[in-house]
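Read the structure below first, then the notes.
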Ligand SMILES: [Zn+2]
Ligand SMILES: [Zn+2]
């Protein structure tokens, strides 16, 4: 029997198959379209999938944590009327109205997670919980006063923009902000991912990472995080789904990233900290070693006593949290070796230049630079790179490892 395209046959495929790289790859589970199915994934925890138009991702998981007061929802998807309609439909299918939502929890300040949180807060008079470092970008909030029709039109434009975008996953959007403890307006302004200077100097990124520009009004609509009613700290207890959970601060993907831990059932709501198949982007920070923070907090969640189930913001529930953590750490170790070797060869270079060495051209831009910055700063703080300033641009040099 011949099975020319069957599993295992790739060992015998001719190495120069010209169509191999052009064949569409099956989508990763994080890229699957949002399913209408509602599944109880842990006791009193349901998974509802909302469609998102961010490139590289197909859905975001909005988890519902049910109790006798109604429910709390985690990460209620993108802003905009279209997303809102799906959200209310999912709630209805699960037997709830928006008014039954007493709490919204947002794992971090990316729009596919906080998008509809403000509207739920307003319409259901719900509590809105984030980590205390949650970034509320200081764009004005005019977007929220748009008429429904105008919001609809802008959302549609943004969806079309996103569909024509061919760059890296939008999930890799970095949040550039200062240290945890500093919530000054100035820092929040700097945290707007476009239009400002970047901590590694030199390049400015006036445009959001779309192929074509999305107008500022659209950005206001899409990227204005809501104001939390409660900002929690690492270790804060939260009563959800009829039992106690703990807030676990997991900086790295963003500095304000929050996981939730249910010790009784060994369940970790992992947000974008640990995803089942995608390696989350690590945003570089001027004020600290964000990669070290990420690696440390990966260990933290892998070492949670009897962690049995990861519930990610994208993709399916996964059992082996420590295994997934090990794979992500391995990825970063390899990336760092690659960066170090490239830096040794090219000599003194800016972050932008270094990012061009380690990322393919279609990934060039603020996201690639942000992750390169995180990696090179980690090397520097380990004594493997030196840094100086040349006219406001950070220059790095790595020597060969003796
Ligand atoms: Zn994210
Ligand atoms: Zn995400």
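The values are calculated or read from the model by the stated rules, or taken from the named source; none is laboratory data. These figures come from a predicted structure and were not determined experimentally. Ideal geometry is used to build each Cβ from the backbone, glycine not excepted, and the neighbour counts take in all protein chains shown.
Here are some notes:
- For the criterion of being under 22 Å from residue 316 (Cα atoms) and buried (at least 23 other Cβ atoms within 10 Å of the Cβ), residue 66 fails.
- Residue within region 263-276 that is within 16 Å of ligand 1 (Cβ to nearest atom), touching a residue at least 60 places away in the same chain (Cβ under 8 Å) and over 20 Å from residue 105 (Cβ atoms) present: yes
- Residue in region 319-331 that is buried (at least 20 other Cβ atoms within 10 Å of the Cβ), closer than 22 Å to residue 274 by Cβ and in contact with a strand residue (DSSP E or B) (Cβ under 9 Å, 6 or more places away or on another chain) present: yes
- Yes/no for residue 311 being under 20 Å from the mean Cα position of the chain (by Cα) and closer than 24 Å to residue 53 by Cα: yes
- Qualifying residue in region 249-257 (condition: surrounded by fewer than 24 Cβ atoms within 10 Å (Cβ to Cβ) and either in a strand (DSSP E or B) or at pLDDT 95 or above (or both)): yes
- Taking (1) touching a helix residue (DSSP H, G or I) at 6+ places or on another chain (Cβ under 8 Å); (2) more than 16 Å from ligand 2 (Cβ to nearest atom) in turn, residue 327 satisfies each apart from (1).
- Contacts under 7 angstrom Cβ, first residue in region 46-57 being touching a residue at least 24 places away in the same chain (Cβ under 8 Å), partner in a loop (DSSP other than H, G, I, E, B) and within 15 Å of ligand 1 (Cβ to nearest atom), 6 or more apart: 50/77; 52/77; 52/78; 55/169; 56/168; 56/169; 57/169; 57/314
- Residues satisfying the stated conditions in region 100-119, i.e. under 13 Å from residue 62 (Cα atoms) and more than 15 Å from ligand 1 (Cβ to nearest atom): 101, 103, 104, 116
- Residue within region 282-299 that is without any contact (Cβ under 8 Å) to a residue 12 or more places away in the chain and farther than 27 Å from residue 50 by Cα present: yes
- Of the set (1) within 16 Å of ligand 2 (Cβ to nearest atom); (2) touching a helix residue (DSSP H, G or I) at 6+ places or on another chain (Cβ under 9 Å); (3) at pLDDT 80 or above, all apply to residue 260 but (2).
- Residue within region 361-370 that is in contact (Cβ under 8 Å) with a residue 60 or more places away in the chain and either over 21 Å from the mean Cα position of the chain (by Cα) or over 28 Å from residue 106 (Cα atoms) (or both) present: yes
- Qualifying residue in region 335-347 (condition: in contact (Cβ under 8 Å) with a residue 60 or more places away in the chain, surrounded by 24 or more Cβ atoms within 10 Å (Cβ to Cβ) and more than 16 Å from ligand 2 (Cβ to nearest atom)): no
- Region 269-285, subset buried (at least 24 other Cβ atoms within 10 Å of the Cβ) and within 28 Å of residue 240 (Cα to Cα), residue nearest to ligand 2 (Cβ to nearest atom): 272
- Any hit, region 292-301, residues being buried (at least 23 other Cβ atoms within 10 Å of the Cβ), away from ligand 2 (no atom under 16 Å from the Cβ) and not in a loop (DSSP other than H, G, I, E, B): yes
- Of the candidates 332, 356, 340, the single residue that is more than 16 Å from ligand 1 (Cβ to nearest atom), under 27 Å from residue 75 (Cβ atoms) and assigned to a helix (DSSP H, G or I) is 332.
- Of all residues in region 351-391, those satisfying the criterion of being within 15 Å of residue 286 (Cβ to Cβ) and out of contact with any helix residue (DSSP H, G or I) (no Cβ under 9 Å at 6 or more places or on another chain) are 366, 380, 389.
- Condition met for residue 359 (surrounded by 15 or more Cβ atoms within 10 Å (Cβ to Cβ) and in contact with a strand residue (DSSP E or B) (Cβ under 8 Å, 6 or more places away or on another chain)): no
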